[in-house]
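K.L.:
Take a look at this one; I'll ask things after.
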Amino acid sequence: MVGMDRYVLGCSVFWMGLLLIPFTCLIRDLAWKVLRRTMFKTLREKVQEAEIAHVDPTTIVLRSTKKKLTETARLLRNVFSRSMNRVPAGDQPHGFAFSQEEHGSIAQAELIRVYDTTKEKPSGH
């Protein structure tokens, strides 16, 4: 085994195989992905590109769903449709999702007053 490295590293077939075989395999996959992504885009890829370009994807979704209205396309159409009666930015309701005060059935103050701190908590066994 001594001296084999000089023989292997000096051989042109080794270097051609080391560089050419991986390059050939990867260029085939790369060409397929580029061709599919440019010529045969899916709805998801079109929406992604529109969002990257800061364009409203509603038109893309609606144009795509007119051809075939699948369940996924129907859901996407509902997600991307813009409502005309939006609340102005200054009048939007605010608060946390866990807040009891946002016109809930029980006010936060009533809930706190009902809680009895004198009772022992259950052990949970």
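The values are calculated or read from the model by the stated rules, or taken from the named source; none is laboratory data. Nothing here was measured: the structure is a model prediction, and the numbers come from that model. Virtual Cβ from ideal backbone geometry, glycine too; neighbours counted across all protein chains shown. For accessibility, only protein heavy atoms count, side chains too; no ligands or nucleic acids. Shrake-Rupley method; radii C 1.70, N 1.55, O 1.52, S 1.80 Å.
K.L.:
For Lys119 and Thr24, calculate 0.36 nm times their separation in residues minus their Cα-Cα distance, and state this gained length in nm to one decimal.
P.N.:
Working: separation 95, 0.36 × 95 = 34.20 nm, distance 7.52 nm.
Taking Lys119 through Thr24 to full extension adds about 26.7 nm, to one decimal.
K.L.:
Moving on to the next point. Report Lys119's accessible area, 1.4 Å probe, all protein chains in place, as a number in Å² to the nearest 10.
P.N.:
Answer for Lys119: close to 140 Å² accessible.
K.L.:
A further question on this structure: Enter the accessible area of Trp32 (Å², nearest 10), with the probe set to 1.4 Å and all protein chains included.
P.N.:
Its heavy atoms expose roughly 150 Å² to the probe.
K.L.:
Length gain on complete extension for the stretch Phe14 to Ala109, per 0.36 nm per residue less the alpha carbon to alpha carbon distance? Show your work: numbers first, answer last.
P.N.:
Working: separation 95, 0.36 × 95 = 34.20 nm, distance 7.96 nm.
Additional length available on full extension: 26.2 nm.
K.L.:
In addition: How far is it, in nm, from the label point at Asp56 to the one at Arg36 when both lie 7 Å from their Cα along the line to the Cβ?
P.N.:
Using points 7 Å along Cα→Cβ, the separation is 3.3 nm.
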